[in-house]
Amino acid sequence: MNFQTLTLDVTDQVATVTLNRPEKLNTWTPVMGAELTAAFRAIDADRDVRVAVLTGAGDKAFCAGADMDFFAGQIAAKERSGSRMAGVEEFPRLMRDLSKPTIAAINGYALGVGATIPLLCDMRVAAAEAKIGFLFSRMGVMAELGSTYLVPRIVGAARACELMLTGKMFTAAECERMGVVNHVAPRAELLGRVGELCAEIKKCAPLSILLTRQAIYQGLEGSFEGQIRFEAYALDHLYRTADHAEAVQAFRDKRPPRFRGN
């Protein structure tokens, strides 16, 4: 699959999507938005992929927001509908329903849409040198991709207001303290730290990961009783799988299990 604005690589069951406009600090365009959707649809359909990583090319930016040349052109042409909103609903729904875990490796500036895209990943690891900013209010717009739903649930309402109503940039260390990112590592060690998380995930049974991930996100909206029922259903299903039998046998044999996702 060929892309203009990103690359997709699958190695050792890990899919890596890299935003690839380093000369423009990996700024977002409608083409990039469409290609992100296409790339993650391909990842979701690839049974060999166990976990996906999203990062940016170069050592300056993960994604420094939207491409201002594009928006300036739209304003000049008075195009106030259509492509500007393309994919705003499709991509976050795809990421929420994905069948595998995702990790954002924030290697540099993550500003505007570059701050909201990583929120759609299950985990976020930032380079110590990274800066994260929800700059929308300073540009006369507002955050998208479901971020006004996600940020309060990740960090709480008060911190969400500080992040999103000030429009300021925060250091990676500040974001770690607030819970926006899981871990911070020196830029040179960032992908190694993400690789360690991928390796731990790959030790787990794929169906267990899929159903547990689904349960976690259902729990953000569902009731306690509903979660108990879903857990009972899912657990009963998992007890009957070949992967569970393999895990028990591997424990008895004192060897790593060989999961097949069935």
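If you take all other residues with their beta carbon under 11 Å from the beta carbon of P256, and give Lys and Arg +1 and Asp and Glu -1, the sum is +3. Across the stretch 28-45, rounded Karplus estimates of 3J(HN,Hα) from the backbone phi angles (6.51 cos²θ - 1.76 cosθ + 1.60, θ = phi - 60°) give 6, 9, x, 5, 4, x, 5, 6, 4, 4, 5, 5, 6, 5, 5, 4, 4, 7 Hz, Gly and Pro being marked x. Between F251 and Y217, the contour length at 0.36 nm per residue exceeds the Cα-Cα span by 9.2 nm.
Just to be sure I understand, if you calculate volume of the Cα convex hull per residue in Å³ for this structure, which of (i) 159; (ii) 124; (iii) 139 do you get? Comparing each candidate, only (iii) matches the computed number. Against the main long axis of the alpha-carbon atoms of the chain, helix 68-77 sits at an angle near 60°. Residue ranking by accessible heavy-atom surface, 1.4 Å probe, largest first, among T148, T7 comes out as T148, T7. By accessible area, using a 1.4 Å probe on protein heavy atoms only, the chain has 55% of its surface on carbon and sulfur.
Placing pseudo-labels 7 Å out from each Cα toward the beta carbon at T171 and I75 gives an inter-label distance of 3.3 nm. Take 225-234, 137-146 and order them by the average number of nearby Cβ atoms within 10 Å per residue, most first; the result is 137-146, 225-234. Taking every DSSP helix (H) stretch of at least 4 residues in the chain, weighting each as -39,500 (n - 2.57) and dividing the sum by the residue count yields a mean residue ellipticity at 222 nm of -13000 deg cm²/dmol. Take the Cβ atoms of R96 and R240, set R0 to 25 Å, and the FRET efficiency comes out at 0.40. Taking every protein chain into account, the accessible area of the stretch 127-238 amounts to 56 square angstrom per residue (probe 1.4 Å).
Computed extension length for M68-Y149: 26.6 nm, one decimal, from 0.36 nm per residue of separation with the Cα-Cα distance subtracted. Once backbone amide H atoms are built at 1.01 Å from N, Y109 has A61, F62, K131 as its partners under 5 Å, excluding neighbours fewer than 5 places away on the same chain.
The values are calculated or read from the model by the stated rules, or taken from the named source; none is laboratory data. This structure is a prediction, so every number in the text was calculated from the model and none was measured. Note that we place each Cβ from the backbone using ideal geometry, even for glycine, and neighbour counts take in every protein chain shown. Please note that ligands, DNA and RNA were not included when accessible areas were found on the heavy atoms of the full protein model with its side chains. Shrake-Rupley method; radii C 1.70, N 1.55, O 1.52, S 1.80 Å.
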